[in-house]
Each structure stands twice: as C-alpha cells, then as structure tokens.
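S.K.: Take a look at the following structure, please.
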Amino acid sequence: MMLIRFAAEASGKRLGNYFTLVFLIINFGAIAALGLTIRDMAFSDALLLFKYYYIAAAVLFALISAVLLVRGDSDSPGKKDRAVLALLVTGGAVAQSLALILIPHSAWMALAFVFLLFATITAVSLWLSYRTDLSPFRLPEAMPLPYGFEDFIRKSDISPREAEIIREICNGLSNQEIADKLFISLQTVKDHTSRIYMKTNVRNRMQLMALVRGMDAGHQ
C-alpha cells in the first residue's frame, strides 16, 4: 500500500479517498481466503502456497507502482528519474521472488530475501537522496505577488505561515532553502507544503506557481 502511495505521489497523481480502505479489505480478504485454503494442508504445502501468494502480490504491486511512475506527469522527480525508480521497484520485487523460488527453504533463503528487500528500499532511498533532481524550477529573480493574492489566501484558508511558504516557492526556493530562511525545520516546510497543495487543489510546485501567476491574468 505504501509503495503504491509513494509511486502515486512521486508521479504527481492523487489516489482516491477510499484507496486505503479498499486496499486493506481486498488484501485481508485474500489472506483470510488463503488461510481457509491451507488449514488442512501439510506445512510444506502451505508454505509453498504462501510463497507463491507473496510473489504474485509483490510483482503485481510493483508493476502497478511502475506504471504510475512511468505514466506520471510530475516535474520533480522528472521523467528519467521516475523511470529509474520504476526499474528499482520492479527489479527488487523480481529479485525477491527469485530468491523465494530458486533457493531451497532454509535460513539462506530467508537471509537472501531479507537482504534483497532492504537493498531495494535502500536503493530507492539513495536514488531519491543523491541522484534524483528534486530541485524546483527557479526564477531568475523574485516573482512579484499578483493582484488578488490576499483574496486567494483568504478564500483558500491559507495560514500566514503557509502564505510565506507560497511566496518563497514562487520565488524558486527549495524546501531546505525555505526552512533555512524562515528558521523552521525541513519537515515543517514539507508538512505546510502538503497542506497548501490540498487547500489549493494542485499536485506540485509548478502547478502552484502557475496558479499564483495566473491571478494577474484574471484581474486584467
């Protein structure tokens, strides 16, 4: 579930309000059905069925996540970086599945599976931290706020701190630069930014900047 949510957010898409509930109902239902199926099986047969269930689920969710990443329209991370993330996610799921299939049931199989699982998570994290271009579009000079901005923040229920962050986003500052300038933590900036996106019904910085810059046109 978190993998699919990550892919959706990285691709600039929004999942429906009932995604989590539907996902949990379907998966817990599948697990319950699996439990009923194996109740009279020998342990070795039941374990094999569980392995194939995990393999099918892992590959399916990885493919869904990869499609979301590749077909997304987010500017940060960009298309190339999202393609790499899609390869890391699907490659990790396939590698874990191969470990379960090819290595006989033993401590080595468990160790290989756990190693590949955490290696995939680490690879995605490292790519996001050090290779992906997450820097926002930067204007050559500070953008003057348009007419109607005050009405916009009032109608959108934007707090004074969120209004400050919108100003700095429109001036092209990164989250870390905003945190340094306003003397707040990076996580606080991220939390405010997420709320701003929800209140203004946008998905990323570029859309927010376009929305603010479009206010001038609406008042001409």
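S.K.: Quick test for you: out of Leu134, Leu139, Leu145, pick the one residue that is crowded, with 17+ Cβ neighbours inside 10 Å, on the phi < 0 side of the Ramachandran plot and at pLDDT below 85.
M.R.: Of Leu134, Leu139, Leu145, the one residue that is crowded, with 17+ Cβ neighbours inside 10 Å, on the phi < 0 side of the Ramachandran plot and at pLDDT below 85 is Leu145.
S.K.: Pairs needed: first member in the stretch 25-41, of a type in the set (Gly, Ala, Ser); second member anywhere, modelled with pLDDT of 85 or more; C-beta distance under 9 Å; at least 6 residues apart or different chains.
M.R.: Going by the 9 Å Cβ cut-off, the qualifying pairs are Ala30/Tyr53; Ala30/Ala57.
S.K.: Out of the stretch 165-191, which residues are surrounded by 18 or more Cβ atoms within 10 Å (Cβ to Cβ) and at positive phi?
M.R.: Gly172
S.K.: Which of the residues that make up the stretch 185-211 are part of a helix (DSSP H, G or I) and farther than 19 Å from Lys155 by Cα?
M.R.: Leu186, Gln187, Thr188, Val189, Lys190, Asp191, Arg205, Met206
S.K.: Against the definition (of a type in the set (Asp, Glu), at pLDDT below 85, under 24 Å from Phe113 (Cα atoms) and assigned to a helix (DSSP H, G or I)), how does Asp45 come out, yes or no?
M.R.: In short, yes.
Results for (1) in a helix (DSSP H, G or I); (2) at positive phi; (3) in contact with a helix residue (DSSP H, G or I) (Cβ under 7 Å, 6 or more places away or on another chain), shown as yes or no for each residue.
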| site | (1), (2), (3) |
| --- | --- |
| Ile25 | yes, no, no |
| Val59 | yes, no, yes |
| Ala66 | yes, no, yes |
| Val70 | yes, no, yes |
| Pro104 | no, no, no |
| Met109 | yes, no, yes |
| Thr120 | yes, no, yes |
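S.K.: Filter the stretch 1-23 down to residues that are part of a loop (DSSP other than H, G, I, E, B) and more than 19 Å from Ala58 (Cβ to Cβ), then give me how many there are.
M.R.: So in the stretch 1-23, the residues part of a loop (DSSP other than H, G, I, E, B) come out as 1, 11-18.
Checking the rest, the ones that are also more than 19 Å from Ala58 (Cβ to Cβ) come to 11-18.
Selection size over the stretch 1-23: 8.
S.K.: Here is a follow-up. Does the stretch 11-33 contain at least one residue that is at pLDDT below 85, among the aliphatic types (A, V, I, L, M) and more than 24 Å from Leu116 (Cβ to Cβ)?
M.R.: Yes.
S.K.: Restricting to the stretch 81-115, what's the tally of residues that are crowded, with 16+ Cβ neighbours inside 10 Å and closer than 14 Å to Val70 by Cβ?
M.R.: Of the residues in that region, 8 qualify.
S.K.: When you scan the stretch 39-51, do you find a residue that is farther than 22 Å from His105 by Cβ and loosely packed, with under 15 Cβ neighbours inside 10 Å, even just one?
M.R.: Applying the first criterion (farther than 22 Å from His105 by Cβ) to the stretch 39-51 yields none.
Within the stretch 39-51, none of the residues are farther than 22 Å from His105 by Cβ and loosely packed, with under 15 Cβ neighbours inside 10 Å.
S.K.: Give the residue, chosen from Leu100, Leu87, Leu48, that is without any contact (Cβ under 8 Å) to a residue 24 or more places away in the chain, farther than 20 Å from Val124 by Cβ and not hydroxyl-bearing (Ser, Thr, Tyr).
M.R.: Only one candidate passes the filter, namely Leu48.
S.K.: Let me ask something else about it. Just the residues that are closer than 27 Å to Asn17 by Cβ and hydroxyl-bearing (Ser, Thr, Tyr), please, taken from the stretch 156-215.
M.R.: Correct list: Ser156, Ser159, Thr188, Thr193, Ser194, Tyr197, Thr200.
The values are calculated or read from the model by the stated rules, or taken from the named source; none is laboratory data. Source: prediction; values computed, not measured. Every residue, glycine as well, gets a Cβ built from its backbone with ideal geometry; the counts of neighbours run over all protein chains shown.
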